[in-house]
Amino acid sequence: MSRIKIKFTDFWTSFEERDEPFDALFCLIKDHFDIELSDKPDYVICSCFGSDYLNYPDAVRILFLGENIFPNFNFYDYAIGFHNIHFDDRYIRFPLYWLYQSDCLEALAKGKTPCQQDDLLNREFCGLVTSHVCNLRDGLFNAVMQYKHVSSGGPWLNNIGGTIGKTVGDKRNWQRKFKFSLCSENSITNGYVTEKILQGFSAHTVPIYLGTSSVVKDFNPKAFVNVSDFANYEEAIQHIAEIDQNDNLYLSMLAEPAFAE
């Protein structure tokens with residue numbers, strides 16, 4: 001097995017602290033190479049949160065994106081990201097959500113785990129967890145709130161008196177309290193699908209998703225509400241209300257697999 005020297009840099013804070021995506025990416029690489037983490041690397045694997053990668057001009061630069069940014073191949077030798085592009089062997093589409101392995105496993109189990117129907121149907125209406133202000137999320141949140149109360153458990157628009165990960169606890173277990181999860185991207189670009197909808201599925205809810213229409217290439221359209229399918233929020237809310245008030249329809253969506261074929 002080849003031995004290579006790698007430097008991870010310019011990632012988000014929790015990645016630098018070796019969160020689940022770090023562990024998953026590290027394991028993917030070490031399945032194929034003998035890895036040495038080094039400040040004199042052969043390969044720099046970097047993201048978009050800094051410019052430290054410029055300090056290693058002799059290393060091969062591999063950009064890993066978790067944000068809606070188009071890779072600039074003038075600065076990087078290779079890139080891994082969300083966009084549906086083709087550039088010989090220099091790019092691969094590998095959405096960030098694949099590195100959330102525990103959520104992937106839970107989403108794969110959706111609809112296969114026995115559960116009492118009453119437990120599923122008697123849950124609260126809808127939950128949201130997000131940290132950052134975003135016009136897309138703000139608009140969707142306010143629109144759905146016109147129908148029923150949405151519990152917001154993150155720092156943004158918090159209305160439960162505590163935040164997930166602090167006073168509320170585990171995000172996935174908290175989301176299981178709800179029939180629906182509000183899952184909005186921070187921007188809309190073809191191919192840009194983050195872990196938001198995956199985590200809605202992993203909590204065994206029906207995601208209400210706002211983002212790229214190409215999400216159906218990744219996730220089963222029969223298992224979630226795709227707000228992009230509707231002409232406006234009003235039509236989308238009518239459909240959400242129909243699902244919410246029709247137990248058989250709701251349960252049929254829960255029984256659908258999360259991932260597209």
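The values are calculated or read from the model by the stated rules, or taken from the named source; none is laboratory data. Being a predicted model, the structure only gives us computed values, none of them experimental. All Cβ positions, glycine included, derive from the backbone under ideal geometry; neighbour counts span all protein chains shown. Just so you know, the surface numbers come from the protein's heavy atoms only, side chains and all, with ligands and any DNA or RNA stripped out. Shrake-Rupley method; radii C 1.70, N 1.55, O 1.52, S 1.80 Å.
Can you tell me which residue in the stretch 142-157 is farthest from residue 182 (Cα to Cα), limited to those that are under 18 Å from the mean Cα position of the chain (by Cα) and open to solvent by 10 Å² or more (accessible area, probe 1.4 Å)?
Start the filter on the stretch 142-157 by keeping residues that are under 18 Å from the mean Cα position of the chain (by Cα), which leaves 152-156.
With open to solvent by 10 Å² or more (accessible area, probe 1.4 Å) added as a condition, the list becomes 155-156.
Values: 155: 15, 156: 13 Å.
Filtering first and then ranking leaves 155.
So residue 127 passes all but one of these: (1) within 30 Å of residue 177 (Cα to Cα); (2) touching a Gly at 6+ places or on another chain (Cβ under 9 Å); (3) not in a strand (DSSP E or B). Which condition number does it fail?
Unmet condition: (3).
Need at least 1 residues that are modelled with pLDDT of 90 or more and surrounded by fewer than 14 Cβ atoms within 10 Å (Cβ to Cβ) per element, so show me which strands (runs of 3 or more DSSP E) inside the stretch 1-118 make the cut, counting only ones lying wholly within it.
Values: elements: 3-9, 34-37, 43-46, 60-64, 78-81, 91-93.
Per the criteria, 34-37, 91-93.
Residue 215 - would you say it is of a type in the set (Val, Ile, Thr), in a loop (DSSP other than H, G, I, E, B) and open to solvent by less than 10 Å² (accessible area, probe 1.4 Å)?
Numbers: of a type in the set (Val, Ile, Thr): yes; in a loop (DSSP other than H, G, I, E, B): no; open to solvent by less than 10 Å² (accessible area, probe 1.4 Å): yes.
Against the criterion (of a type in the set (Val, Ile, Thr), in a loop (DSSP other than H, G, I, E, B) and open to solvent by less than 10 Å² (accessible area, probe 1.4 Å)), residue 215 does not qualify.
For the structure I just gave you, tell me whether residue 260 is in contact (Cβ under 8 Å) with a residue 40 or more places away in the chain, surrounded by fewer than 17 Cβ atoms within 10 Å (Cβ to Cβ) and in contact with a helix residue (DSSP H, G or I) (Cβ under 8 Å, 6 or more places away or on another chain).
Working: in contact (Cβ under 8 Å) with a residue 40 or more places away in the chain: yes; surrounded by fewer than 17 Cβ atoms within 10 Å (Cβ to Cβ): yes; in contact with a helix residue (DSSP H, G or I) (Cβ under 8 Å, 6 or more places away or on another chain): yes.
Criteria met by residue 260.
Residue-wise test of (1) of a type outside the set (Asp, Glu); (2) open to solvent by less than 60 Å² (accessible area, probe 1.4 Å); (3) free of Cβ contacts under 8 Å to residues at least 60 places away in the same chain; (4) in contact with an Asp or Glu (Cβ under 8 Å, 6 or more places away or on another chain).
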site: 163; (1), (2), (3), (4): yes, yes, yes, no
site: 174; (1), (2), (3), (4): yes, yes, yes, no
site: 187; (1), (2), (3), (4): yes, yes, no, no
site: 191; (1), (2), (3), (4): yes, yes, no, no
site: 198; (1), (2), (3), (4): yes, yes, no, yes
site: 208; (1), (2), (3), (4): yes, yes, no, no
site: 240; (1), (2), (3), (4): yes, yes, no, no
site: 256; (1), (2), (3), (4): no, yes, no, no
